[in-house]
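J.: Quick one: structure below, then a few questions.
The values are calculated or read from the model by the stated rules, or taken from the named source; none is laboratory data. No experiment lies behind these values; they were computed from the predicted model shown. Please note: Cβ atoms are built from the backbone with ideal geometry, for glycine as well, and neighbour counts cover all protein chains shown. Quick note on the areas: whole protein, heavy atoms, side chains included, nothing else; ligands and nucleic acids left out. Shrake-Rupley method; radii C 1.70, N 1.55, O 1.52, S 1.80 Å.
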Amino acid sequence: MADTQKTFSPTADFSAQANINDQSVYAEAAADPQAWWANQAQTLLDWTKPWDTVCEWNPPHAKWFVGGQLNVAANCLDRHLTGARRNKAALIFEGEPGDTRVLTYWDLHREVCKLSNVLLSLNIVKGDRVTIYLPTAPEAVISMLACARIGAVHTVVFGGFSADSLRERISDSQSKLLITADGGWRRGNKVTLKDTADAALEGETTIEKVIVVNRTDDAKHVHMKQGRDFWWHRLMEEADIKHEALPMDAEDPLYILYTSGSTGKPKGILHTSGGYLTGVAATTKYIFDIKDSDVYWCTADVGWVTGHSYVVYGPLANGATVFLYEGAPDWPQRDRFWSLIEKYGVTIMYTAPTAIRAFMKWGTEWPAKHDLSTLRLLGSVGEPINPEAWLWYNTHIGGGKCPIVDTWWQTETGAIMISPLPGLSATKPASASRPFPGIAAEVVDEAGNPLPHGTDQTGILVLTQPWPSMLRTLWRDDERYKSVYWSKFADKGYYFPGDGARRDEEGDYWLLGRVDDIMLVAGHNISTMEVESALVDHPAVAEAAVIGRTHEIKGQAIAAFVTLKDGVGHTSELAGQLKDHVAKKIGAISRPDDILFSAELPKTRSGKIMRRLLRDIAEGRALGDTSTLADPSVVAGLKEKYSEES
Ligand code: ATP
Ligand code: MG
């Protein structure tokens, strides 16, 4: 049997110590999901006022823990200040240049209290929006928690976004305050965030005040606008260290976050307090098996939802030690991540398939230089993970002993929805296993009827019941909320995430990529994910993006954009071999018609392959929304190359 078809069970030792190691959790949660979630909310969080109703469901609008009150920041900080956690590291930070900082729970609480007082002194009140445009550094975490503490709604914008993207998000969220930095570090260079922020604030803006963190010690190159801009350290020097967290209603907004923009214009997702924190606290505890002794590292930038739920809120609600790293994985060398794991004794690592494919491309010699034996659990999120990448991660990073949790979820879902439970699940490379306890999912056809387990047919993933951490609406656009997520299966009341999936005979879920990307070739549905994984399975291939382009006879023909491993030359023989390889692995019908070699693939700034732009290229159309592209020159180059070669 090929390794990709094997199952991998946790070791007996791992299962014995796991936070969940009894299968009965699934049945218990399924029997009464609301009671199960209420129990999580009760046991994992501190409430200042108990709720009256667990869930009010007026499709498609849900409210959870109605009437209950809590403060999200107090749940992440104040309650850890008594007992042993008081002096425990909450954040261990290393900047790209190698500077380090440790903040204990006591320290983090103090800084958050001070910033809360600063925000109040700048006239920020409950309900006001605050845009955070910072590198992944402690100040970003402090800013988010200070907003939560006073009930301001944060909207974090990834530090790699342009002035236009920042301006758009500020104006959509109507933020009053911006928190930014003079700059950040990326591959040895200073990224001048303040200059970009200044450009974003030119002309009309809702922003009244700007707080500037001194990160790169470059004060003389920073223009501070009198009366508008204030240095963080100056404000913090004078701030009172005492601040009483205000109780918030469970349904008070916590944050707005714009989606990655893989499929089009980003959507402003609104999350609220009680249900969201319940979802992220429970999934962190059970999926990452978090313990007080762990050093937990989620490599996501705080600008993405993974950074919100699994760098900040989930781990800190659990009193965990979070490791934060500011920079690039290949700076100064391609072993930076592995050297960090060795240096800090990281025990849990959560990263993305795009990163794993880059590590594979760079070669095993980089991780091999380091002792990674402290790792005990690995996670993946962001895209379907190719089986080859899963196996590589398992062997070369996990040393064959770490359970891998492939976690499916979205900005919209707030928390992980489908994932193995590491002490229980026999995992299969590239299957996300099962819905988390208390989550109801199904794989259906176009009419919304469930597909049988084990069918080859490509289905549509739906969530069939509301869950605590679900988005409440799209900010200032409830109509779009209804149409994007709830109109497709309106009669059934299903939430439509936009992803394709299949369930195998055992009921395990396999995510197949975006529904919009699924190809129809001569009457057969073919998933981009499967063809891409067959290509990545070839020893010469590092990464692949597959799309269906219009074809007169077949309906669609398969075009593959392929990146080769370091040192492999692209020849027409190799293109032929790759086509054969796919045909052999998954069948002649999936044989690509075109193979185009490219040094890079167009990706979002969060690292996801943007297939819609490749479709635009292959079909000779004008390109759609490109504002969320990491590097616009990649598509421009591909467009030129494609028209030359076809
Ligand atoms: P937009 O909605 O603006 O197009 P996006 O969907 O990329 O952007 P995110 O919310 O960051 O924005 O990403 C969620 C999507 O990522 C999911 O809908 C799914 O397509 C993909 N995804 C995340 N994790 C996984 C996973 N483990 N397996 C398969 N796909 C995943
Ligand atoms: Mg999406």
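J.: Which residue, of T299, T283, is within 21 Å of D406 (Cα to Cα), open to solvent by less than 10 Å² (accessible area, probe 1.4 Å), within 16 Å of ligand 1 (Cβ to nearest atom) and not hydrophobic (A, V, I, L, M, F, W, C)? Lay out the reasoning, then the answer.
T.: Values: T299 fails: open to solvent by less than 10 Å² (accessible area, probe 1.4 Å).
Every option except T283 fails the conditions.
Quick grid of which residues meet (1) aromatic (F, W, Y); (2) open to solvent by 10 Å² or more (accessible area, probe 1.4 Å); (3) closer than 21 Å to W510 by Cβ:
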position	(1), (2), (3)
N394	no, yes, yes
I397	no, no, no
M417	no, no, yes
V444	no, no, yes
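J.: Looking only at residues in the stretch 491-519 that are farther than 14 Å from I460 by Cβ and open to solvent by 50 Å² or more (accessible area, probe 1.4 Å), which one is nearest to the chain's Cα centre (by Cα)? Lay out the reasoning, then the answer.
T.: Step one: filter the stretch 491-519 for residues farther than 14 Å from I460 by Cβ, giving 491, 493, 504-508, 519.
Filter again for open to solvent by 50 Å² or more (accessible area, probe 1.4 Å), leaving 491, 505-506.
Numbers: D491: 30, E505: 29, E506: 27 Å.
It comes out as E506.
J.: Another one. Can you work out which of the residues in the stretch 237-257 that are part of a strand (DSSP E or B) and open to solvent by less than 20 Å² (accessible area, probe 1.4 Å) is farthest from ligand 1 (Cβ to nearest atom)?
T.: The selected residue is M248.
J.: Taking into account only those residues within the stretch 369-387 that are charged (D, E, K, R) and more than 6 Å from ligand 1 (Cβ to nearest atom), which is surrounded by the most Cβ atoms within 10 Å (Cβ to Cβ)?
T.: Step one: list which residues in the stretch 369-387 are charged (D, E, K, R), which gives 369, 371, 376, 383.
Then drop every residue that is not more than 6 Å from ligand 1 (Cβ to nearest atom), which leaves 369, 371, 376.
Working: K369: 14, D371: 12, R376: 22.
Here the answer is R376.
J.: Now for a separate question. Which residue pairs have Cβ atoms closer than 6 Å, lie 6 or more positions apart in sequence or on different chains, and pair a first residue in the stretch 58-85 that is touching a residue at least 40 places away in the same chain (Cβ under 8 Å) and farther than 20 Å from L254 by Cα with a second residue that is open to solvent by 60 Å² or more (accessible area, probe 1.4 Å) and among the basic types (K, R)?
T.: none
J.: A follow-up question, please. Kindly indicate which of Q23, Q17 is touching a Leu at 6+ places or on another chain (Cβ under 9 Å) and open to solvent by 30 Å² or more (accessible area, probe 1.4 Å).
T.: Q23
J.: While we're here: Can you find, within the stretch 396-436, the residue that is farthest from ligand 1 (Cβ to nearest atom) among those that are of a type in the set (D, E, K, R) and touching a residue at least 40 places away in the same chain (Cβ under 8 Å)?
T.: Going through the qualifying residues, I end up with K401.
Here is a yes/no grid of residues against (1) within 25 Å of the chain's Cα centre (by Cα); (2) open to solvent by 10 Å² or more (accessible area, probe 1.4 Å):
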residue: K63; (1), (2): yes, yes
residue: Q69; (1), (2): no, yes
residue: A73; (1), (2): yes, no
residue: H80; (1), (2): no, no
residue: A84; (1), (2): no, yes
residue: N87; (1), (2): no, yes
residue: I92; (1), (2): yes, yes
residue: L115; (1), (2): no, no
residue: L120; (1), (2): no, yes
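J.: Looking at (1) more than 30 Å from G327 (Cα to Cα); (2) within 15 Å of ligand 1 (Cβ to nearest atom); (3) at pLDDT 95 or above, which is the only condition E532 fails?
T.: (1)
J.: What residue, among those in the stretch 258-302 that are within 16 Å of ligand 2 (Cβ to nearest atom) and of a type in the set (S, T, Y), is farthest from N75 (Cα to Cα)?
T.: Pass one, the stretch 258-302, residues within 16 Å of ligand 2 (Cβ to nearest atom): 258-271, 300.
The next check asks that each one be of a type in the set (S, T, Y); those that pass are 258-260, 262-263.
Working: Y258: 25, T259: 26, S260: 28, S262: 33, T263: 35 Å.
That would be T263.
Listed here are the residues, each with its yes/no results for (1) surrounded by fewer than 19 Cβ atoms within 10 Å (Cβ to Cβ); (2) not in a loop (DSSP other than H, G, I, E, B).
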position	(1), (2)
P539	yes, no
I547	no, yes
I553	yes, no
V562	no, yes
G567	yes, no
D580	yes, yes
A583	yes, yes
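J.: Further question: Go through (1) within 13 Å of ligand 1 (Cβ to nearest atom); (2) surrounded by 16 or more Cβ atoms within 10 Å (Cβ to Cβ) one by one and return the number of the condition K265 breaks.
T.: (2)
Yes/no matrix, rows are residues, columns are (1) farther than 22 Å from W232 by Cα; (2) touching a Leu at 6+ places or on another chain (Cβ under 9 Å):
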site: V153; (1), (2): no, yes
site: V157; (1), (2): no, yes
site: F161; (1), (2): no, no
site: L166; (1), (2): no, yes
site: D172; (1), (2): yes, no
site: I179; (1), (2): no, yes
site: D182; (1), (2): no, yes
site: L193; (1), (2): no, yes
site: A197; (1), (2): no, yes
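J.: Still on this structure, I have one more. Is one or more of the residues making up the stretch 410-419 among the hydroxyl-bearing types (S, T, Y), part of a loop (DSSP other than H, G, I, E, B) and away from ligand 2 (no atom under 16 Å from the Cβ)? Let's see the steps before the verdict.
T.: The initial filter retains those residues of the stretch 410-419 that are among the hydroxyl-bearing types (S, T, Y), namely 411, 413, 419.
Checking the rest, the ones that are also part of a loop (DSSP other than H, G, I, E, B) come to 411, 413.
Still in the running and away from ligand 2 (no atom under 16 Å from the Cβ): none.
Checked the stretch 410-419: no residue is among the hydroxyl-bearing types (S, T, Y), part of a loop (DSSP other than H, G, I, E, B) and away from ligand 2 (no atom under 16 Å from the Cβ).
J.: Are any residues in the stretch 270-280 within 14 Å of ligand 1 (Cβ to nearest atom) and more than 17 Å from V311 (Cβ to Cβ), and if so, which ones?
T.: L270
J.: Here is a further query. Please determine, by comparing only the residues of the stretch 336-368 that are in contact with a helix residue (DSSP H, G or I) (Cβ under 8 Å, 6 or more places away or on another chain) and over 22 Å from V302 (Cα atoms), which one is most open to solvent (accessible area, probe 1.4 Å).
T.: This residue is A368.
J.: Let me ask you something else. Mind checking which residues of the stretch 520-537 are open to solvent by 50 Å² or more (accessible area, probe 1.4 Å) and within 26 Å of the chain's Cα centre (by Cα)? If you could, list the steps in order and put the result at the bottom.
T.: Filtering the stretch 520-537 down to residues open to solvent by 50 Å² or more (accessible area, probe 1.4 Å) leaves 520, 522-525, 530.
Answer for the stretch 520-537, where residues must be open to solvent by 50 Å² or more (accessible area, probe 1.4 Å) and within 26 Å of the chain's Cα centre (by Cα): just E530.
J.: Of the conditions (1) out of contact with any Gly (no Cβ under 9 Å at 6 or more places or on another chain); (2) among the polar types (S, T, N, Q); (3) closer than 25 Å to S260 by Cβ, N87 clears all except one; give me its number.
T.: (3) is the only condition that N87 fails.
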